[in-house]
Amino acid sequence: GGFEGALGFNRLSILDLSSHGHQPMANAEGTIVIAFNGEVYNAFDYTKELESSGFRFRSRTDTEVLLYLYEKFGIDGLLDRLNGMFAIVIVDLRTREIHIARDHFGIKPIYWTMAGTTLLFASEVKSFLAHPAFRAEIDDSNVDEYLAFRFVSGEGSLLKGVRQLRPGHRLRVRADGVTVHSYWQIPDVAEKLDRSDGETLSRFDHMLRDSVESQLLSDVKVGCQLSGGIDSSIVSLFARSHFDADMETFSVVFDDPKYSEHSWVAQAAAAADAHSHLFTFTSQFFFDTLEQATWHMDEPLGHPNSLGIWLLAKKSRPSVTVLLSGEGADEVLGGYTRFYYANLRPKVSPWLPLLKMAPKIGARLERQFGGNAVDSFIAASMFQRPAELLQIRPEADVERVMLRRRETFAEGRGDHLSNCTKYDMQTYMVNLLVRQDKMTMAHSQENRVPFLDRNLVSFARTLPTRFLVSDSIAWRDARMRGTKVILKKLARRTFSDEFVYRAKSGFSLPLERYFADKRFETLMEESLLPGMAARGLVNAEAVRRSWKALPRSPRGASETLWISVAFEMWAQKFLDQAA
């Protein structure tokens with residue numbers, strides 16, 4: 001039979017805003033059709049080569065370059081040449097196959113499922129709800145992982161049969177079925193390149209500047225997302241030199257001074273000589289947006305501060321269509337404390353039997369440095385410890401969750417630290433990228449991530465450990481001095497030590513306050529708890545108890561409670577209303 005199907009596309013125009021850029025786009029013979037979401041920053045490096053091969057360009061879009069690269073080099077030849085973010089579908093009527101691909105790091109999401117004999121694929125899971133053959137049902141086997149980590153890693157999802165295409169993977173669809181192929185892996189480097197500190201720093205500096213410059217490519221207005229942390233501050237600083245007039249930065253601050261990064265944002269904006277916009281996050285906004293943001297997210301709002309990105313996108317969209325952000329720096333360059341501890345481990349473990357006897361700190365050291373190195377690293381990013389998980393879901397199978405996570409970890413073939421960063425890039429980072437994409441695209445805004453430039457990441461993978469994390473315990477703020485070493489060195493050229501080495505805030509919301517709010521009480525009693533009880537996936541009584549105990553609970557308890565709350569809100573939208 002012929003090709004039966006439909007390609008739908010709603011375009012956010014960034015390059016060549018004319019009708020020439022419209023999609024889906026076909027080649028001259030009409031035998032190859034492409035639809036492409038994203039931005040490929042090196043696409044125009046190939047126009048001369050393609051023109052000399054006889055291709056005639058009708059537009060100034062990266063889409064058309066991709067189309068001809070595929071025609072000339074095939075699917076792997078195409079993907080191998082791209083540096084950027086993308087979800088691509090190519091229908092090849094000559095070979096009667098369809099290719100679907102997701103970018104190297106997973107900056108752009110793509111999902112697929114089989115509804116009967118029909119293949120459905122989309123950038124958003126909610127698209128599937130419109131198909132009569134699709135049934136929205138919970139995938140029980142992924143609930144434990146969500147509750148433990150706040151997201152489902154790999155290709156699974158919370159909905160039965162719905163799969164995320166993994167970063168660096170592509171799908172081939174033929175009459176006889178669908179196959180998944182890995183076309184690229186985050187590099188593991190056996191021999192780290194040891195250059196001098198000065199040379200390493202200057203190469204890194206150049207590569208980051210080049211990446212920022214290439215990602216400013218646009219026919220619409222670009223701005224910077226500025227959290228006040230060093231990642232987004234450096235991106236803003238490096239972007240500044242490419243703006244003639246005002247460069248605009250956008251930041252979210254809280255009405256609660258305890259949570260506000262206001263002074264850091266002001267310092268960074270001043271250093272970048274930027275026109276700074278501040279948007280205040282209020283409890284009113286929190287309650288007004290929860291449902292809508294959950295709908296756009298396609299999965300539970302595992303990170304409540306995703307609402308901060310929503311606010312930022314909503315408020316900055318009238319001024320800019322594209323925002324640069326600092327996402328990816330922590331995973332690529334070793335910015336989390338868990339990397340520091342993973343590296344410190346060999347130093348500490350011989351002393352553990354002795355240290356364990358220390359009052360108060362003994363148990364914490366045992367948790368940090370006891371047991372197996374891989375398991376202890378995986379557990380470090382859990383948001384709900386096994387004991388807490390079993391309270392709200394007695395049937396939870398923690399060992400099965402760990403097994404799946406270990407498989408991902410085992411894809412790393414380098415030294416322990418480089419396997420740790422690779423694991424985080426394949427799990428935690430993908431989840432952060434999805435929420436950036438969903439929260440900004442909900443407002444037709446594009447989020448770009450200069451730290452995830454292919455050249456920059458390949459370079460970072462060759463760096464000896466000391467450029468990422470140190471194993472020194474000499475300083476009082478050793479954890480902050482000992483993470484993301486090379487980036488902090490770069491930041492110190494511009495910013496004070498106080499700015500560079502301050503404790504990571506992670507942009508947390510005043511959740512305790514929201515949980516104690518009358519509006520939340522109503523939501524919980526009238527909707528969420530009854531919903532949980534009826535659904536039977538978590539123990540509603542146990543959730544109620546932990547909610548009531550919050551005022552007396554240790555810090556972080558509200559983050560744990562949030563996981564069940566976000567899950568139920570999502571289930572009501574995607575399982576109940578969809579049905």
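The values are calculated or read from the model by the stated rules, or taken from the named source; none is laboratory data. As the structure is a computational prediction, the values presented were derived from the model and not from experiment. Please note: Cβ atoms are built from the backbone with ideal geometry, for glycine as well, and neighbour counts cover all protein chains shown. For the accessible areas, the whole protein counts, side chains as well, though only heavy atoms, and no ligand, DNA or RNA atoms are used. Shrake-Rupley method; radii C 1.70, N 1.55, O 1.52, S 1.80 Å.
Odds and ends about this structure:
- Solvent exposure of the chain amounts to 42 Å² per residue of accessible area, where only protein heavy atoms count and the probe is 1.4 Å.
- Within the full protein context, the accessible area of Arg60 is estimated at about 140 Å² for a probe radius of 1.4 Å.
- Heavy atoms of Tyr341: accessible area, 1.4 Å probe, square angstrom to 10: 40 Å²
- Inter-probe distance in nm under a simple model that places probes 7 Å from Cα toward Cβ, at Ala245 and Glu155: 4.8 nm
- In plain terms, the C-alpha convex hull of the chain casts an average shadow of 27.3 nm² when viewed from every direction.
- Counted residue by residue at 0.36 nm each, then reduced by the alpha carbon distance between them, the extension gain from Arg535 to His131 reaches 143.0 nm.
- Ranking Lys489, Lys573 from most to least accessible surface, computed with a 1.4 Å probe over the protein chains only, gives Lys489, Lys573.
- Accessible surface of the chain, 1.4 Å probe, proportion on carbon and sulfur as whole %: 51 percent
- Calculated [222 nm] ellipticity per residue, helices only, for the chain: -12000 deg cm²/dmol; basis is -39500 (n - 2.57) per DSSP H run with n ≥ 4, divided by all residues, nearest 500.
- Basic side chains Lys and Arg get +1 at the Cβ, acidic Asp and Glu get -1 at the Cβ, and with that the dipole of region 106-226 about its Cα centre reaches some 520 debye.
- Relative to one another, the C-alpha centroids of region 425-495 and region 504-579 are positioned 31 Å apart.
- Nearest-10 value in Å² for the accessible area of Ile486, using the 1.4 Å probe: 0 Å²
- Model label sites at Asp375 and Lys518, defined 7 Å from Cα along the beta-carbon direction, differ in position by 5.0 nm.
- Distance between region 189-256 and region 96-111 - C-alpha centres, whole angstrom: 26 Å
- Length gained on full extension, Ser458 to Thr47: 145.5 nm, using 0.36 nm per residue less the C-alpha separation.
- The rule of thumb for compact globular proteins, 2.2 N^0.38 Å, goes into the C-alpha radius of gyration of region 422-507 1.29 times.
- Extension reserve of the Met114-Gln185 stretch, reckoned as 0.36 nm per residue once the Cα distance is removed: 22.9 nm
- Exceedance of the 22 Å cut-off in Cα-Cα distance is limited, within the set Lys108/Lys221; Lys108/Lys422; Lys314/Lys438; Lys160/Lys548; Lys221/Lys315, to Lys160/Lys548.
- Computed packing ranks the peptides 546-554, 88-96, 394-402 as 88-96, 394-402, 546-554, most packed first, by mean other Cβ atoms within 10 Å.
- Taking the chain and dividing mean pair separation by its residue count, relative contact order in percent (alpha carbons under 8 Å, at least six apart): 16 percent
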